[in-house]
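These notes are about the structure you will find just below.
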Amino acid sequence: MSLVWEIAMAKGKAKADTFASTHRGLWYEDQTKYMLEWCMEYLKKQHTGFKFKKAHLMLCANDLNKKFAMGVTVDQVDRHYRYHKENWKYIATALSNSGNTFDETRCMVKLFALNLTQDRARCLLAKPIKLFNEMRELFIGSNADGS
């Protein structure tokens, strides 16, 4: 290895570490709602079985940056999308259990019986679920495993 290459790699690593530590994702509810609605509209124009890839989410990131001046990257949009898809998996699982219903006024899943072995599911279902309708429309019928 050359010394120039090692210095370049060290600078690149330092730059990447600085970016990661100073640019944590902070999404406001209206930004998240816009992202989910954007994905719903985009999905309506696609074929059956369509799955979002980073190339599609790049278009979403561009729209978010134009509308909200957020400066988000495609990776941030991808992770935020997958976060909501993973949350939907827990919600859909809870709603599929007999006796569990959704309280529209409180935006909460009313649990009759559910074995919540995962802390994330327990935390998610113990409070009102923001953007439930948007997640339901976008992820219903999909393989909501976060992929």
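The values are calculated or read from the model by the stated rules, or taken from the named source; none is laboratory data. This is a predicted model, so every value here is computed, not measured. Positions of Cβ are backbone-derived with ideal geometry, glycine not excepted, and every protein chain shown enters the neighbour counts.
What the table below lists for this structure:
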| read-out | value |
| --- | --- |
| Failed item, numbered, when Gly49 is tested on (1) farther than 24 Å from Lys127 by Cβ; (2) in a helix (DSSP H, G or I) | (2) |
| Enumerated helices (runs of 4 or more DSSP H) restricted to segment 64-139, each holding at least 2 residues that are over 17 Å from Tyr34 (Cβ atoms) | 74-96, 119-125 |
| Leading residue by the ranking (nearest to Arg82 (Cα to Cα)) among those in segment 37-46 that are touching a helix residue (DSSP H, G or I) at 6+ places or on another chain (Cβ under 9 Å) and either at pLDDT 95 or above or in a helix (DSSP H, G or I) (or both) | Cys39 |
| Residue within segment 18-36 that is assigned to a loop (DSSP other than H, G, I, E, B), over 29 Å from Arg122 (Cβ atoms) and among the polar types (S, T, N, Q) present | no |
| Close pairs from segment 89-107: first touching a residue at least 12 places away in the same chain (Cβ under 8 Å), partner polar (S, T, N, Q), Cβ under 7 Å, at least 6 apart | Ala94/Asn100 |
| Failed condition for Phe68, given (1) among the hydrophobic types (A, V, I, L, M, F, W, C); (2) crowded, with 16+ Cβ neighbours inside 10 Å; (3) modelled with pLDDT of 95 or more | (2) |
| Flag for Ala10 being surrounded by fewer than 10 Cβ atoms within 10 Å (Cβ to Cβ), modelled with pLDDT under 95 and hydrophobic (A, V, I, L, M, F, W, C) | no |
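Yes/no per residue for (1) farther than 29 Å from Lys45 by Cα; (2) at pLDDT 80 or above:
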| residue | (1), (2) |
| --- | --- |
| Tyr83 | no, yes |
| Thr93 | no, yes |
| Gln118 | yes, no |
| Lys127 | yes, yes |
